[in-house]
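Remarks on the structure that follows.
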């Protein structure tokens, strides 16, 4: 049974993270980090999300953010 969609309301602060499958490495070289940061910047321009902090590690990343509209994190 799939996990139910989490509450995603504007104005609340969320901790979001993602890991590689089986904790495998997702960033293999410096260019991978650079590409991720470019895509992140594009997303922040496109969606109303305020990013307070983030960290990128070889096998996962963490964001602390606040969406400006309901359901903005689900896209």
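The values are calculated or read from the model by the stated rules, or taken from the named source; none is laboratory data. For clarity, every value in this text was computed on a predicted model and none was experimentally measured. Note that each Cβ is placed from the backbone with ideal geometry, even for glycine, and that neighbours are counted across all protein chains shown.
Taking the criterion of being part of a helix (DSSP H, G or I) and surrounded by 10 or more Cβ atoms within 10 Å (Cβ to Cβ), the only residue of the range 17-31 that qualifies is 23.
Let's see how each residue does on (1) more than 13 Å from residue 59 (Cα to Cα); (2) in a helix (DSSP H, G or I); (3) modelled with pLDDT of 95 or more; (4) within 13 Å of the chain's Cα centre (by Cα):
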residue: 2; (1), (2), (3), (4): yes, no, no, no
residue: 15; (1), (2), (3), (4): yes, no, yes, yes
residue: 33; (1), (2), (3), (4): no, yes, yes, no
residue: 39; (1), (2), (3), (4): yes, yes, yes, yes
residue: 42; (1), (2), (3), (4): yes, yes, yes, yes
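Please find, within the range 61-75, the residue that is nearest to the chain's Cα centre (by Cα) out of those that are part of a strand (DSSP E or B) and surrounded by fewer than 16 Cβ atoms within 10 Å (Cβ to Cβ). Of everything passing the filter in the range 61-75, 62 is nearest to the chain's Cα centre (by Cα).
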